[in-house]
Amino acid sequence: MNLTNENHFMTQITATTKNPTQSPLQAEENTAREHYFGKYGGRYVPELLIPALDELEKAYTEAKQSPTFKKKLEQLLRDFGGRPTPLIYAENLSNHLGHAKIYLKNEGLLHTGAHKLNNAIGQALLTKQMGKTEVIAETGAGQHGLATAAICAKLNLRCKIFMGTLDIKRQYPNVYNMKLMGAEIIPVADGNCTLKDAVNAAMKYWIEHLATSHYLIGSALGPAPFPRIVRDFQAIIGTETRKTILEREKRLPSHVVACAGGGSNALGMFTAFLTDANVELIAVEAGGSDTTPGNHAARMLKPDIGIAQGYKSFFLQNPDGQLMDTHSISAGLDYPGIAPELAYFAEQGRIQFLRASDDDCLTGYKLLSLHEGIVPALETAHAISKLPHIVNHIKKNTQQEALIIVNLSGRGDKDLFIAAPHINPDDWTQFLKTHLPKT
Amino acid sequence: MNLTNENHFMTQITATTKNPTQSPLQAEENTAREHYFGKYGGRYVPELLIPALDELEKAYTEAKQSPTFKKKLEQLLRDFGGRPTPLIYAENLSNHLGHAKIYLKNEGLLHTGAHKLNNAIGQALLTKQMGKTEVIAETGAGQHGLATAAICAKLNLRCKIFMGTLDIKRQYPNVYNMKLMGAEIIPVADGNCTLKDAVNAAMKYWIEHLATSHYLIGSALGPAPFPRIVRDFQAIIGTETRKTILEREKRLPSHVVACAGGGSNALGMFTAFLTDANVELIAVEAGGSDTTPGNHAARMLKPDIGIAQGYKSFFLQNPDGQLMDTHSISAGLDYPGIAPELAYFAEQGRIQFLRASDDDCLTGYKLLSLHEGIVPALETAHAISKLPHIVNHIKKNTQQEALIIVNLSGRGDKDLFIAAPHINPDDWTQFLKTHLPKT
Amino acid sequence: MSRPHSSNPITTNDIDKKLAAKTPKPLHLMTHIVAGYPSVEVNLQTALIMEKTGVDFIEVQIPFSDPLADGPTIMRANHRALAAGMTPEKSFTFIKTLSQTVSMPIIVMTYYNIPFKVGIDNFLSAATQAGVSGMIIPDIPYDATEPYLELIKNYPVYPIFVVSPQITSLRLKKIASIAQGFIYTTLRIGITGSKTTLPPESLDQFARLKQTLSIPIAAGFGLSAPEQLNSLIHHANIAVIGSKLLDIIENHPSNINGRKNALTDLETFLTECNQTILQSNKTPKSHP
Amino acid sequence: MSRPHSSNPITTNDIDKKLAAKTPKPLHLMTHIVAGYPSVEVNLQTALIMEKTGVDFIEVQIPFSDPLADGPTIMRANHRALAAGMTPEKSFTFIKTLSQTVSMPIIVMTYYNIPFKVGIDNFLSAATQAGVSGMIIPDIPYDATEPYLELIKNYPVYPIFVVSPQITSLRLKKIASIAQGFIYTTLRIGITGSKTTLPPESLDQFARLKQTLSIPIAAGFGLSAPEQLNSLIHHANIAVIGSKLLDIIENHPSNINGRKNALTDLETFLTECNQTILQSNKTPKSHP
Ligand SMILES: Cc1ncc(COP(=O)(O)O)c(C=O)c1O
Ligand SMILES: Cc1ncc(COP(=O)(O)O)c(C=O)c1O
């Protein structure tokens, strides 16, 4: 356990993963190798996109070395985003579970309500730096779209959000807010009309508008250099957390927990702790309604390597290689692929994976609200819901009081329309009826 | 203009109003005089309540001098609340309006989404200090209730929220979240079944449960010492703002703008600037649909002194002294009384009052969303909507570039059900219908 | 039982007279109505029943939109009276008629914003002219820096103060020095266990009040059954019955038959109350 | 027009033969179908029409759930084929039949996850056995560190690369060194102004490609009318027609009559295309 290397992580945009099989990212030398995490990642895209990815990589490399970029990024993260986000001791929850001190890193207090903004700000600034005038983004739950629309309004970038028609229906509140902020919503009526299809549509649009558009990918996936860029822009979560916990507790956490959809909030939190060998890193996937294919989004249930949407990683796919339908109560975890870097660290055993079902999620959602006065996003609630399990496991195996940090990736406001019908169906229906115009 | 007296305001809980006709608040000497602001304020309550108000005053006086209290307060404001909140330069809006640099103090990034939490945290800690185990609060829009429910969950205090039955119907999302956090909602079916009635009901409950309950009033009004306590706990807004703007701009603002319902966010922002004679302080009231009595909540339209709900101030009342119905598109500004301290400074001419109509409010709401990527609370939107007016006035009267700060008292998520039917009625109705259970 | 009030030019009024009446009554009754609820006609009928059944004081509330100190029943009555068009002016017109119809001293109860808005002198003149003997304004503490407390000295209307069991001795003493007629204390009995004996806390309260005050004590409490009045005898001088009466009126449908039933029920109830008091006089209880 | 490919044991295949055919054709045609959409029966009928109307190459797409590089029409066709139960295995069965029925060289197009999941060697064997001449996998750049690019050398199947107008010279050169059969470039004409002449950017692109490549060039573009083909003559060797054909099929109701109409329209369209090309041969244009 190394308590003194926090300097290494002080500036998120230069934070790099020091893993034994991977040389550190060297800005000048864009070798194919650094597009991979072990065997995961890469650039599985039409040749058409290569120039744009190269351009992005170059811009990012320059940005990382540019004090101006760093300053602008820090300013926006602070003034627009509201960073640093707090790390709070969840005293009631800790007492409730016993044997562990639990801390929460509250990214839900960021502007637009989730960690997504960290990355959106970073990439929007890159867009400016590349001299592009338009940002496109895919969104499922709408949180990434919302973050993107917000920073585009702020930075005067034209903004197009690709969203499956099904998601537009389900997530209208976010659609409404994105439109208020001037974003154009591009409905995607292909496939299942959800996130995966929005990615395809955005990618296609990008191919046709490379000169003016930047595709602002929302999680640590897609073709290189996206996984690294997103990871780096999110790494500030872990950087802040590591610093603060050392100040407060004079020790590193024993466990760090995060939910994993695409993987950006998990990697954002974990990256600063990767070289702290004694810190256990736990990612929680969406177990959905059950383990039948199509009813969950747990890529790690039976890790199956595939190549789609521009990268190689674990995918939920059928034996023919077709990506499968997924289900989760939380729209943000409902995606068939996973960050290649998470796939790599899963393989290495550095990050463990747990699964929370839809019911678990609602339990976690209620648990945190009641004990800590924080209503979490349903995505985050997946991570929360595994705390009893994790603590029980620790109780059996160690004497020492555990120190657990959970990444509270977002706040729950956005989930009203999904959670309320579960928690309080009659009231909810009544309320909706009163808001329908009288006919 | 005095640029160097910020030390005086560094610690919010000792911040006091230095106004020429009022001696500074002296903790030891509870004279009747200091229950007033000029002729406004006071303690117009049943004798029954006097002991509880005295107890509160004593507890608050002690708390102000207690380093432990101060430390706990600061910790909760930081870790639970997310303070400090950012001050952001609204560059697009400034360019759009011209002739002024506009900054926004974003209290919407506080936990639960509005400035209300500052006061809720402070008073909840006082509750603890008095050894009481229950908190009661009134709420209209639900923001104060939400803040109170959240901090009560965090501090293990029983929480009862009094809310008019009409408001419960209108503001179900907040009701839902309060319940999730363990608060009990007490429906108030008296009078108009709105905020004013909730205050009466809460006060009555308090009278009967003084030994165990603290009444956590949500704005800078009610009987002394509430107006001062709430003002002091909110004063951190202005304290932070003053410090930051001096760092950034090396000068004080020329204008500071805030919306005024009860008056807590306005006073929270203005207090630090009261002695800065060149800083113009502007409060914006709810002009509602028009100036017909009952159709607005603009107490300053024809300031009319009255005594109700425990204090003397300006009230919307009929010639018989009955409080009148009010209307505003924003539930948080829809109240017939106003902070006695605001009444006093209005009389003194230190604070100017403007009025924004419901339509203005929606214009301000869209303006900020589009230009700055921040969807404000409808309350805040009232303040925003007057910026063009204020800037035009400045253009006519001064050569110098103005420096305007707006208190962004809350974020807009809570207003979806009120704003969406105005902004996008068809989509909204469609969306609601898809969420009704199939019959 | 009347006492000199040095600060007041009028030394006695109907309140003092009533309390000093020759027929000894172990407990006086004060009952509450809200002017204009359900109507001034019913107010008058109600008052007549009250007088007939032996009520000693009548408290007439001038309705206010925000009656801070009142429970749900009275609050509702206030709102309904206002909705039906009741005003302070109409209230005084009614009270004048009332004072010419019944001989019970009339105590006006309202909230401070009404006199404040109407003008304190206007209000007190109107009250005087309407034959009012006392005035309860629950939201104006004795130390409020308001002209009301000075101005009322110029009128034959007693300021009646409401005190709480938790009041400090200092405040109680100060109130005692300016109070006239009686002092009104709130307490709750009948909730905890026995309905006919006072709980120890309440006994302590009365002891403390009596020690400080030489003025009669009125006690307001959540009365639900006439026999509960027994518990107040020898402790308080006046029992105040409020919400219960409004409950009786409210719980009947407001058609003619309903109202008739309501007034019959009211009469029955008040008769029982009075009898309880009068009988207790014959069977003295063992009180400390 | 065939060239030696040192790295590949099979020196020529049907693609080379076709392009080197004795009858000089100013522009070859390659048309696209999605295996299983709307059904293999219709696929076969379509292919027969193609051959009959003079199409030179047929591109058969094995459907994939996430066809990243395809526009909405082709994407929909992929999803419908999958929904109707199409698989890679069934695709190859169909392709085998197809190769026994028509003489056009068959180019398989799919996304890399299909061979990756099925196994590269399995996939390439199946393709070989089915009579496939070329393979387009748009999401595997030439420098991807994947065995496919090595393994395909062992099969008589040409790897066809797709390049973009923006490609760097370095990458183009590297691709040129391993490409076989032809290189496929994407470009858009007909959008900007004239429908029958190429815009200057496209001319520059072709010039640049020709300079670097000794291999034939196929050009895919958003063709909407046959006369647009004129613009490609002398610039590209092969014109690829994709979405337009699917549009014709999709825009007819999927009943028998509708399908018949669709196939008739398809035939009319392709006939026109071929005639446009053949006529252009007689009336040479003034191109640089
Ligand atoms: C609050 C929140 N948490 C987590 C996620 C999942 O994304 P990721 O795994 O990339 O953090 C989302 C996605 O929308 C989200 O909104
Ligand atoms: C966001 C916001 N702003 C302003 C107000 C008005 O209250 P005050 O005038 O006390 O700040 C409210 C009240 O709910 C609110 O929620």
Quiz item: Condition test on B:Asn119, is it within 24 Å of B:Ser66 (Cβ to Cβ), in contact with a Leu (Cβ under 9 Å, 6 or more places away or on another chain) and within 14 Å of ligand 2 (Cβ to nearest atom)?
Solution: yes
Quiz item: Among the residues of segment D:95-135, which ones are surrounded by fewer than 21 Cβ atoms within 10 Å (Cβ to Cβ) and either in contact with a Cys (Cβ under 9 Å, 6 or more places away or on another chain) or within 18 Å of D:Ile238 (Cβ to Cβ) (or both)?
Solution: D:Val102, D:Ser103
Quiz item: What number of residues within segment B:399-422 are in contact (Cβ under 8 Å) with a residue 24 or more places away in the chain and either more than 14 Å from chain A (Cβ to nearest Cβ) or under 19 Å from the mean Cα position of the chain (by Cα) (or both)?
Solution: 16
Practice problem: Could you please find all residues in segment B:86-116 being within 8 Å of chain A (Cβ to nearest Cβ) and at positive phi? | Solution: B:Gly113
Quiz item: So which strands (runs of 3 or more DSSP E) are wholly in segment A:302-359 and hold at least 2 residues that are closer than 20 Å to A:Ala383 by Cα and not hydroxyl-bearing (Ser, Thr, Tyr)?
Solution: A:351-357
Quiz item: Quick check: anything in segment B:283-290 surrounded by fewer than 21 Cβ atoms within 10 Å (Cβ to Cβ), at pLDDT 95 or above and in a strand (DSSP E or B)?
Solution: no
Quiz item: Residue check, B:Thr133 against (1) more than 14 Å from the chain's Cα centre (by Cα); (2) within 11 Å of ligand 2 (Cβ to nearest atom), all met but one. Which one?
Solution: (2)
Self-check item: Filter result (surrounded by fewer than 24 Cβ atoms within 10 Å (Cβ to Cβ), farther than 21 Å from A:Thr363 by Cβ and within 14 Å of chain A (Cβ to nearest Cβ)) within segment B:174-192
Solution: B:Glu184, B:Ile185, B:Pro187
Practice problem: Name the residue, out of B:Gly332, B:Gly321, B:Gly337, that is at pLDDT 95 or above and more than 8 Å from every other protein chain (Cβ to nearest Cβ). | Solution: B:Gly337
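Residues are listed down the side, and each one gets a yes or a no for (1) more than 16 Å from ligand 1 (Cβ to nearest atom); (2) out of contact with any strand residue (DSSP E or B) (no Cβ under 8 Å at 6 or more places or on another chain); (3) outside any loop (DSSP other than H, G, I, E, B); (4) more than 14 Å from chain C (Cβ to nearest Cβ):
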| residue | (1), (2), (3), (4) |
| --- | --- |
| B:Gly218 | yes, no, no, yes |
| B:Ala224 | yes, no, no, no |
| B:Ile229 | yes, yes, yes, yes |
| B:Glu240 | yes, no, yes, yes |
| B:Pro253 | yes, no, no, yes |
| B:Val257 | yes, no, yes, yes |
| B:Gly261 | yes, no, no, yes |
Quiz item: Is there any pair with a first residue in segment A:98-113 that is over 13 Å from B:Asp79 (Cα atoms) and a second that is assigned to a strand (DSSP E or B) whose Cβ atoms are under 6 Å apart and which are 6 or more apart or on different chains, and what are they?
Solution: A:Ala100/A:Ala402; A:Ala100/A:Ile404; A:Lys101/A:Leu403; A:Ile102/A:Ile404; A:Gly113/A:Gly410; A:Gly113/A:Arg411
Quiz item: Is at least one residue of segment B:350-360 within 12 Å of chain A (Cβ to nearest Cβ), within 30 Å of B:Phe314 (Cα to Cα) and buried (at least 24 other Cβ atoms within 10 Å of the Cβ)?
Solution: no
Practice problem: Give just the number: which of (1) part of a loop (DSSP other than H, G, I, E, B); (2) over 19 Å from B:Lys116 (Cα atoms); (3) touching a Phe, Trp or Tyr at 6+ places or on another chain (Cβ under 7 Å) does B:Asp276 not satisfy? | Solution: (3)
Exercise. Search segment A:298-318 for residues being among the polar types (S, T, N, Q) and over 20 Å from the mean Cα position of the chain (by Cα), and hand back the single one that is farthest from the other protein chains (Cβ to nearest Cβ).
Key: A:Asn318
Self-check item: Members of segment A:148-164 that are more than 8 Å from every other protein chain (Cβ to nearest Cβ) and more than 22 Å from the chain's Cα centre (by Cα)
Solution: A:Leu155, A:Leu157, A:Arg158
Quiz item: Name the residues in segment A:264-280 that are surrounded by fewer than 24 Cβ atoms within 10 Å (Cβ to Cβ) and aliphatic (A, V, I, L, M), would you?
Solution: A:Leu274, A:Ala277, A:Val279
Quiz item: Among the numbered criteria (1) under 20 Å from A:Ala272 (Cβ atoms); (2) modelled with pLDDT under 90, which single criterion is violated by A:Phe37?
Solution: (2)
Quiz item: Would a scan of segment B:117-133 turn up a residue that is crowded, with 23+ Cβ neighbours inside 10 Å and either in a strand (DSSP E or B) or within 16 Å of ligand 1 (Cβ to nearest atom) (or both)?
Solution: no
Self-check item: Single unsatisfied condition, C:Ser164 versus (1) within 16 Å of the chain's Cα centre (by Cα); (2) free of Cβ contacts under 8 Å to residues at least 24 places away in the same chain; (3) more than 8 Å from chain B (Cβ to nearest Cβ)
Solution: (3)
Exercise. Kindly check whether there is at least one residue in segment D:139-152 that is under 15 Å from the mean Cα position of the chain (by Cα), more than 11 Å from chain A (Cβ to nearest Cβ) and within 30 Å of A:Glu208 (Cα to Cα).
Key: no
Quiz item: Could you say whether any residue in segment B:198-218 is surrounded by fewer than 24 Cβ atoms within 10 Å (Cβ to Cβ) and within 17 Å of the chain's Cα centre (by Cα)?
Solution: no
Quiz item: Has segment A:164-173 got at least one residue that is within 16 Å of ligand 1 (Cβ to nearest atom), in contact with a strand residue (DSSP E or B) (Cβ under 7 Å, 6 or more places away or on another chain) and assigned to a strand (DSSP E or B)?
Solution: yes
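The values are calculated or read from the model by the stated rules, or taken from the named source; none is laboratory data. From a predicted model like this one, the values you see are computed outputs, not experimental measurements. Cβ: placed from backbone, ideal geometry, glycine included. Neighbour counts: every protein chain shown.
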